[in-house]
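Data first, discussion second: the structure below is written as structure tokens.
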């Protein structure tokens with residue numbers, strides 16, 4: 001599990017990439033898919049259909065992981081967490097149409 005790091009007065013959140021593949025051949029699978037997506041939306045930004053970038057601290061990460069693991073059926077579904085740490089700038093490249101919201105940039109409404 002990634003840990004929150006502090007450098008002086010600055011606390012660093014980590015970027016976690018979450019991917020999932022939910023079996024929707026049954027109605028219960030469609031419900032699991034909606035619940036997993038809803039939890040991911042609460043913590044991050046959708047970058048592809050079943051892929052989210054989440055900028056979280058250790059407590060948020062543990063809570064999100066617990067919530068998602070509770071939702072999936074480990075016999076039918078797949079869930080992956082990739083911790084990119086806090087030094088991810090310049091390591092994420094994007095090409096194509098949809099840039100999405102950058103989780104570490106200010107959001108002006």
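The values are calculated or read from the model by the stated rules, or taken from the named source; none is laboratory data. Note that the structure is predicted; figures quoted are calculated from it, not measured. FYI the Cβ positions are ideal-geometry reconstructions off the backbone, even for glycines, and counts take in every protein chain you see.
Does any residue of segment 69-78 turn out to be closer than 23 Å to residue 13 by Cβ and surrounded by 14 or more Cβ atoms within 10 Å (Cβ to Cβ)?
Among the residues of segment 69-78, not one is closer than 23 Å to residue 13 by Cβ and surrounded by 14 or more Cβ atoms within 10 Å (Cβ to Cβ), which makes the answer no.
Could you check segment 55-102 and list, in sequence order, the residues that are touching a strand residue (DSSP E or B) at 6+ places or on another chain (Cβ under 6 Å), under 29 Å from residue 30 (Cα atoms), assigned to a loop (DSSP other than H, G, I, E, B) and modelled with pLDDT under 95?
Result: 100, 101.
Given the structure, is residue 36 under 16 Å from residue 78 (Cβ atoms) and surrounded by 13 or more Cβ atoms within 10 Å (Cβ to Cβ)? Please lay out each step first, then the result.
Details: under 16 Å from residue 78 (Cβ atoms): yes; surrounded by 13 or more Cβ atoms within 10 Å (Cβ to Cβ): yes.
The answer is yes for residue 36.
Using the structure shown, decide if residue 35 is at pLDDT below 95 and more than 13 Å from the chain's Cα centre (by Cα). Show your work before the answer.
On the way: at pLDDT below 95: no; more than 13 Å from the chain's Cα centre (by Cα): yes.
In short, no.
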